[in-house]
Amino acid sequence: MKLKKDALIQLANEAIELRYPDFDFDLSDYVVTAWRNSHTVVVKYRRMIQFIPLDRKLDNLHYDIEVDLTSQHISPFDIWGMNRFYIPTSEEQANIDFVTNVFGLPHPGFIACIEEDTSVYRIYLDNEQSFGRYVIDKITGIEYEGAIEGSYEPMPRDLDGLSSHPDPLLEIIE
């Protein structure tokens, strides 16, 4: 497939709609990228804001979707079904909306994970270069002192096996 990124994303959207017609999702909730190597084309949907409800901390929820356009495999649905894919209830969506409003999420270039606790929300912001860890009061939205922010050490490019993959997936930019 030598299609451009937008056409590949459209094909992946159509594959999801065709195979899982009851699944309703908003593309604006995801960072969507397309990838290709010599024999595979994949579209990845990465949820910008992930929410872990208090009563589902141990459920090993899935937030992201990957559509292999070559094999027509849709992960995680083809493996786990819809049971472990996180879809917020209306109450959980209200909690997500509260945190996003008081904390100004999403932050461009970061994936945010909001973990619900009994009296606070823990907010984890991450990208490839940096991270932030924050805690806000569940009622007032006031941020607690002691936020942690930092940068990750870049991964060395010359580790055995990392740079020698003969056919890596490369992101399609256009």
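The values are calculated or read from the model by the stated rules, or taken from the named source; none is laboratory data. The structure presented is a predicted model; accordingly, all values stated were derived computationally and were not measured. Here Cβ is always computed from backbone atoms with ideal geometry, including for glycine, and neighbour counts include all displayed protein chains. The area values use the complete protein model at the heavy-atom level, side chains included, leaving out ligands, DNA and RNA. Shrake-Rupley method; radii C 1.70, N 1.55, O 1.52, S 1.80 Å.
A few remarks follow.
- Segments classed as strands (runs of 3 or more DSSP E), wholly inside the range 38-89, with at least 2 members that are more than 17 Å from ILE172 (Cβ to Cβ): 49-52, 73-75
- In the range 13-30, the count of residues that are modelled with pLDDT of 95 or more, in a strand (DSSP E or B) and either of a type in the set (Val, Ile, Thr) or open to solvent by less than 30 Å² (accessible area, probe 1.4 Å) (or both) is one or more.
- Within the range 31-58, considering residues that are within 21 Å of VAL99 (Cα to Cα) and not hydrophobic (A, V, I, L, M, F, W, C), the one least open to solvent (accessible area, probe 1.4 Å): PRO53
- Applying the criterion of being aromatic (Phe, Trp, Tyr) and out of contact with any Phe, Trp or Tyr (no Cβ under 6 Å at 6 or more places or on another chain) to the residues of the range 78-113, the residue that is modelled with the lowest pLDDT is TRP80.
Here is a yes/no grid of residues against (1) in a strand (DSSP E or B); (2) of a type outside the set (Asp, Glu):
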residue: GLU91; (1), (2): no, no
residue: ASP97; (1), (2): no, no
residue: VAL102; (1), (2): no, yes
residue: LEU105; (1), (2): no, yes
residue: GLY109; (1), (2): no, yes
residue: TYR134; (1), (2): yes, yes
residue: PRO168; (1), (2): no, yes
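- Any pair with Cβ under 6 angstrom, 6 or more apart, that starts in the range 72-86 at a residue that is closer than 16 Å to TYR45 by Cβ and ends at one that is open to solvent by 30 Å² or more (accessible area, probe 1.4 Å) and in a loop (DSSP other than H, G, I, E, B): PHE77/TYR20
- Taken over the range 114-132, the criterion of being part of a loop (DSSP other than H, G, I, E, B), within 23 Å of LEU58 (Cβ to Cβ) and charged (D, E, K, R) is satisfied by ASP117 alone.
- Residue, most open to solvent (accessible area, probe 1.4 Å), within the range 80-107, restricted to residues that are of a type in the set (A, V, I, L, M) and within 18 Å of the chain's Cα centre (by Cα): ILE87
- Within the range 36-53, considering residues that are among the hydrophobic types (A, V, I, L, M, F, W, C) and closer than 30 Å to ALA94 by Cβ, the one farthest from the chain's Cα centre (by Cα): ILE52
- Residue count, the range 108-129 (criterion: open to solvent by 30 Å² or more (accessible area, probe 1.4 Å) and not aromatic (Phe, Trp, Tyr)): 11
- So ASP167, is it in contact (Cβ under 8 Å) with a residue 24 or more places away in the chain, open to solvent by less than 50 Å² (accessible area, probe 1.4 Å) and more than 18 Å from MET48 (Cβ to Cβ): yes
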